[in-house]
1. For the chain, with only Lys/Arg (+1) and Asp/Glu (-1) charged at the beta-carbon, what is the dipole magnitude about the Cα centre, in debye rounded to 20?
2. Using a 10 Å cut-off on Cβ atoms, rank the peptides 18-27, 61-70, 44-53 from the highest mean neighbour count down.
3. Quick check on the chain: helices-only [θ] at 222 nm, where DSSP H runs of length 4 and up contribute -39,500 (n - 2.57) each and the sum goes over total residues. Nearest 500, please.
4. Scanning the chain for helices, which whole DSSP H stretches are 30 Å or more long along the axis (Cα) and average 0.0 or more by Kyte-Doolittle?
5. When N is the residue count of region 4-119, what does its C-alpha Rg come to as a fraction of 2.2 N^0.38 Å?
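Readers should treat all values here as calculations from the given coordinates under stated rules, not as data from a laboratory. Computed from a prediction, not measured in an experiment: that's the story for all the values here. Glycine also receives a Cβ, built like all others from the backbone with ideal geometry; neighbour counts cover every protein chain displayed.
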Amino acid sequence: MKSIPTAFFATGAVFALIGMAWGIQMSATHDHTLSPAHGHLNLIGFVAMSVFGAFYALSPGAAGSGLAKVHYGLTLLAVVVMVPGIAFAITEQGEALAKAGSLLALLSMALFCFIVLRNGVGTVREAA
């Protein structure tokens, strides 16, 4: 990936495509059992990642920091762990992954809050 904003937007777009295909599959089969997992894929995988990408596109100082890369990795890991974890919890195969993914998502958002408060929005400052 060329940049943190591109990484967030491209990954979000992939998650959106997967979410849309999954939604069509649920509609076609009339089985919406896993809709909470589908919803989290769309919400965190597409919406949150796109919001994060927009912030980093507007805030090059924040985008150039090492914390931005950590934030991307943490968010990606949260989605990859949480979505199957929710599916496993719904199908009574255990809740451990859903819990772990939820904590990762919380850490991702807490890190985002820190980065926004540290850098502001739209500011160009020396990357830390």
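1. Roughly 460 debye, rounded to the nearest 20.
2. So the peptides 18-27, 61-70, 44-53, ranked by packing, come out 44-53, 61-70, 18-27.
3. -24500 deg cm²/dmol
4. 4-29, 66-90, 96-119
5. For region 4-119, the normalised Cα radius of gyration is 1.11.
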